[in-house]
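First up is the structure itself, then whatever we jot down about it.
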Amino acid sequence: MESLPYQPQILLNFRYPDPAPRRQDHDEDDTHHTLFNARLADALAPRPGREGRRDVGVLYLDLDGFKAINDTHGHDAGVEVLLTTAQRLRTVSRPQDTVARLGGHEFAVAAPRITARGLLGLADRITTALAEPQLIHGTHSTVPASVGTYLAATGEPASEALRHAD
């Protein structure tokens, strides 16, 4: 049996329940954010021979125009955009990267063992992939993203690295 190629890890939540039980969705977003922070913290953990080494990339993405798509085409269109974004991020990310939807229209990528040049290349691939038009309810629309990058050093707190990327 042929083995499947390893894919980047991706943490997502796409459920938007009715307003009354909305707190549950918020809890799941918090769980994904916490899990992403745990994976980022692990990548940043000091290890022998890596002390202070700046080789953990953090990318923070905000989908520009997402609210307009959601307001114009409805919730289902918003979900389509999020799913397409997640798939595109997974496609351009490396196998060792972790991609997460942090909530709303924000995503993050933790890219361990990467150089400054590699981080800029990853950001460029992401920007290019997300700038491609998407078919949203029969209409081709562009939903580009603002992408912040930060090359963190081992031993740095995950929350600080994510804040710098934002």
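Phi angles across region 51-63 convert, under the Karplus curve 6.51 cos²θ - 1.76 cosθ + 1.60 with θ = phi - 60°, into 3J(HN,Hα) values of 3, x, 5, 8, 9, 10, x, 10, 10, 10, 10, 10, 6 Hz, Gly and Pro given as x.
When the solvent-accessible area of region 43-166 is split by element, carbon and sulfur atoms take up 53 percent of it, the probe being 1.4 Å. Each residue of region 72-86 was assigned a 3J(HN,Hα) from its phi angle through the Karplus curve 6.51 cos²θ - 1.76 cosθ + 1.60 (θ = phi - 60°); the sequence is 7, 9, x, 4, 4, 5, x, 5, 4, 4, 5, 5, 5, 4, 4 Hz, with glycine and proline shown as x.
The simple Förster model, with R0 at 22 Å and r as the Cβ-Cβ distance, assigns Arg47 and Thr115 a FRET efficiency of 0.80. The string of couplings for region 34-49 from the Karplus curve (6.51, -1.76, 1.60, θ = phi - 60°) is 5, 5, 4, 4, 5, 5, 5, 4, 5, 5, 8, 4, x, 9, x, x Hz, one whole number per residue in order, with x for Gly and Pro. With the simple spin-label model, which puts each label point 7 Å out from Cα in the Cβ direction, the Gln87 to Arg163 separation comes to 3.7 nm.
Peptide packing: for 132-143, 83-94, 56-67, 113-124, the average count of neighbouring Cβ atoms within 10 Å per residue gives the ranking 56-67, 83-94, 113-124, 132-143, highest mean first.
The values are calculated or read from the model by the stated rules, or taken from the named source; none is laboratory data. Here the structure is a predicted model, which means the values were calculated and not measured. Here Cβ is always computed from backbone atoms with ideal geometry, including for glycine, and neighbour counts include all displayed protein chains. Just so you know, the surface numbers come from the protein's heavy atoms only, side chains and all, with ligands and any DNA or RNA stripped out. Shrake-Rupley method; radii C 1.70, N 1.55, O 1.52, S 1.80 Å.
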